[in-house]
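Visitor: This structure is in structure tokens; I'll ask about it shortly.
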Amino acid sequence: MKSPPTHFFFKHNSMLLRCLIFILGICSINRSNICCDQPFANPLSFSVIQSSLKQLKIEGYFSFKNFDHVAKDFGNIYHFLPSAVLYPKSVSDISSTIKHIFDMGTTTDLTVAARGHGHSVEGQAQAYKGVIISMESLRAPVMRFHTGELPFVDVSAGELWINILHESLKLGLTPKSWTDYLHLTVGGTLSNAGISGQAFKHGPQTNNVYQLEVVTGKGEVITCSEEQNADLFYGVLGGLGQFGIITRARIALQPAPKKVKWIRVLYSDFSTFSNDQEQLISSKDSFDYIEGFVIINRTGLLNNWRTTFNPKDPLLARKFSSEGKVLYCLEVAKYFNPEETTNTDQNIDALLSKLNYIESTLFQSEVSYVEFLDRVHISEMKLQEKGLWDVPHPWLNLLIPKSKIHYFAQEVFGKILTDTSHGPILIYPVNKSKYSNHHHSHRTSMVTPEEDIMYLIAFLSSAMPSSTGKDGLEHILDKNKKILNFCQKAHIGMKRYLPHYTTQEDWKVHFGPRWETFARRKSTYDPLAILAPGQRIFKRASLLQQQ
């Protein structure tokens with residue numbers, strides 16, 4: 001079979017035109033949106049497959065048309081049309097579908113991708129001419145809470161974290177570890193890791209799961225945990241959807257705070273900034289959330305903060321200029337309950353007194369726990385209003401070992417990157433040995449640098465539709481490439497988070513010594529490579545390979 005074009009870069013001003021050219025030129029598309037000029041490498045035509053899918057006894061339903069929405073994602077760069085979308089009502093809908101495709105063996109090269117809230121950035125949840133499973137349709141089981149010594153909640157993998165937050169708070173409980181953005185599905189974040197400013201304390205979200213239910217690439221429904229089917233359990237966590245589709249998760253909970261003290265300070269020197277961050281993540285009684293970001297040549301930065309934060313010294317803050325400088329912002333938060341306010345303030349003052357930030361830049365705010373955790377959604381709504389949310393997002397997420405972070409910062413911030421106007425750059429350390437369950441994190445499929453302390457650096461760019469300038473897609477992708485090339489040449493020892501590679505060789509380099517385990521798990525749980533084709537790690541077993 002002729003492989004599909006590796007990717008289509010759509011710029012918004014010519015998007016419609018390019019779509020038309022693509023539709024008319026590459027595919028002859030019938031009413032079901034099926035590409036016809038690239039025949040399947042097998043004797044089974046899609047009409048046969050379609051009718052066989054229609055005969056499956058399921059509680060949900062298949063759609064064979066109007067699914068352009070699943071051929072795009074938050075990245076808005078890769079667009080691959082599937083042949084069908086399954087809207088499951090039960091786990092057996094998912095297992096029946098996959099088992100059916102598995103039983104067809106190599107007579108079809110149909111693939112399956114689970115799609116949550118569609119927040120992949122490089123087509124990872126797409127399946128060219130395959131079947132997309134819309135996980136948000138799977139609402140079973142309904143959330144079931146267990147309140148006891150070790151509280152937890154059983155949730156459908158299609159559930160959004162924001163909904164889990166709201167429901168658990170009704171019982172005075174909360175999950176421990178979060179992502180910065182909560183409008184994501186459980187299955188989606190657990191298939192990657194789920195990292196945020198709490199990870200130094202609790203590890204990523206993959207460290208805070210007691211049990212999973214998984215549908216493998218053979219259609220088997222398997223319950224797994226550390227004690228039961230542990231190989232699959234660890235494989236699926238951070239496994240990029242390669243070994244099975246997570247359908248249910250048992251998430252660890254803890255008592256929830258009501259309020260948050262939220263603080264920002266600035267640094268002009270990277271070493272001082274990173275030393276303070278590292279000290280905080282290693283302190284015994286530290287903040288509950290620690291992140292940071294890089295600010296290059298921004299005008300009136302502190303004025304922008306005033307909408308949410310109050311300066312400790314308004315007069316000094318007014319005199320501070322951020323123009324023309326490379327600055328580093330430390331963002332921290334302390335959770336508390338109203339009756340603990342005095343103690344919390346004293347605790348915060350003690351922590352801040354050990355830091356070396358620019359004194360005039362201390363800004364603070366007090367918000368509710370929900371308001372703090374859902375802070376990105378507030379920004380999203382503002383961007384939605386301006387039409388700036390559904391644009392290409394050529395994001396790049398890197399994990400850099402501590403020993404190389406200074407060199408990285410010196411060469412990238414201010415040299416390769418000369419401004420931060422098209423999206424924030426996050427930077428914060430995570431201390432692996434402080435994870436609540438260190439052996440747990442080491443056995444999952446997630447790949448991290450060798451050292452105990454690593455920095456997450458996230459370049460969260462938004463490309464302006466139709467721009468050919470510095471805020472255009474091509475320019476930002478070129479900058480990303482320069483950063484990756486620098487890391488390679490300088491032997492930084494970096495690993496990509498939310499990785500995306502187009503060849504198996506690159507994936508082997510990414511996994512390093514863990515590739516063997518990864519490949520073994522693939523052949524055990526998804527031997528025909530039916531699952532998650534958008535990751536481009538394994539090729540679907542088909543007749544062509546056997547002839």
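Visitor: Considering only DSSP beta bridges whose two residues both sit in the stretch 77-214, what percent are antiparallel, to the nearest 5?
Guide: On the way: 4 of 11 bridges.
Of all bridge pairs located within the stretch 77-214, approximately 35 percent are antiparallel.
Visitor: What is the chain's relative contact order, in percent, from Cα pairs under 8 angstrom and six or more apart in sequence?
Guide: Details: 1159 pairs, mean separation 92.7, N = 547.
Dividing the mean separation by the residue count of the chain yields 17 percent.
Visitor: Averaging sequence separations of C-alpha pairs under 8 Å and six or more residues apart, then dividing by the length of the stretch 77-220, give the relative contact order as a whole percent. If you can, show how the numbers build up before the last one.
Guide: On the way: 240 pairs, mean separation 35.0, N = 144.
Taking the mean separation of contacting Cα pairs over the length of the stretch 77-220, I get 24 percent.
Visitor: What is the local net charge at Y335, summed over the other residues whose Cβ is closer than 15 Å to its Cβ (Lys, Arg +1; Asp, Glu -1)?
Guide: Numbers: positive: K176, K201, K258, K259, K261, K334, R375; negative: D285, D288, E291, E331, E339, E340, D345, E366, E371, D374.
That sum, taken over residues with Cβ under 15 Å, equals -3.
Visitor: Just report the Cα centroid separation between the stretch 117-178 and the stretch 274-306, whole Å.
Guide: One Cα centre to the other: 29 Å.
Visitor: Within the stretch 232-267, name every residue whose backbone N is under 17 Å away from a label modeled 7 Å from Cα of T524 along the Cβ vector.
Guide: 232-246, by backbone N distance to the label point.
Visitor: So how strong a dipole does the stretch 222-347 carry about its Cα centre when Lys and Arg Cβ are +1 and Asp and Glu Cβ are -1, to the nearest 20 debye?
Guide: Values: 14 positive and 15 negative charges, 136 e Å.
So the magnitude is around 660 debye.
Visitor: Obtain the nm distance between the two label points defined at S52 and K482 by a simple spin-label model: each point lies 7 Å from its Cα along the Cα-to-C-beta direction.
Guide: Roughly 5.1 nm, to one decimal.
Visitor: Moving to a separate point now. I195: net charge of surrounding residues, Cβ under 11 Å, Lys/Arg +1, Asp/Glu -1, itself excluded?
Guide: On the way: positive: none; negative: D180, E291.
Charge balance in the 11 Å sphere: -2.
Visitor: Round to the nearest 0.05 the FRET efficiency obtained for Y61 and V142 when R0 = 25 Å and r is the Cβ-Cβ distance.
Guide: On the way: r = 20 Å, r/R0 = 0.82.
Here the calculated transfer efficiency is 0.75.
Visitor: For the residue pair S466 and S403, what label-to-label distance in nm results when each label sits 7 Å from Cα along the Cα-to-beta-carbon direction?
Guide: 5.1
Visitor: Please find the FRET efficiency linking I378 to Q410, where r is the Cβ-Cβ separation and R0 is fixed at 30 Å, and quote it to the nearest 0.05.
Guide: On the way: r = 34 Å, r/R0 = 1.13.
Calculated transfer efficiency: 0.30.
Visitor: Excluding M143 itself, calculate the net charge of residues whose Cβ lies under 9 Å from the Cβ of M143, where each Lys or Arg counts +1 and each Asp or Glu counts -1.
Guide: Details: positive: R144; negative: D154, E159, E167.
With Lys, Arg at +1 and Asp, Glu at -1, the neighbours total -2.
Visitor: Now for a different question. For the pairs K99/K495; K176/K284; K382/K479; K176/K261; K479/K522, note any where the Cα-Cα span goes beyond 24 Å.
Guide: Numbers: K99/K495 34 Å; K176/K284 17 Å; K382/K479 27 Å; K176/K261 17 Å; K479/K522 34 Å.
K99/K495; K382/K479; K479/K522, as the Cα separations exceed 24 Å there.
Visitor: List the lysines whose Cα lies under 17 Å from the Cα of K170, skipping any in the same chain that are fewer than 8 positions away.
Guide: K258, K259
Visitor: What's the extension gain from E167 to D419 if we count 0.36 nm per residue and subtract their Cα-Cα distance?
Guide: Details: separation 252, 0.36 × 252 = 90.72 nm, distance 4.06 nm.
Separation in residues times 0.36 nm, less the Cα-Cα distance, equals 86.7 nm.
Visitor: In the chain, what percent of the accessible surface is made up of carbon and sulfur (1.4 Å probe, ligands and nucleic acids excluded)? Before the final figure, lay out each step's value.
Guide: Working: 11880 of 22800 Å².
Carbon and sulfur together cover 52 percent of it.
The values are calculated or read from the model by the stated rules, or taken from the named source; none is laboratory data. The structure displayed is predicted, hence computed values, not measured ones. Please note: Cβ atoms are built from the backbone with ideal geometry, for glycine as well, and neighbour counts cover all protein chains shown. Only protein heavy atoms, including side chains, enter the accessible area calculation; ligands, DNA and RNA are left aside. Shrake-Rupley method; radii C 1.70, N 1.55, O 1.52, S 1.80 Å.
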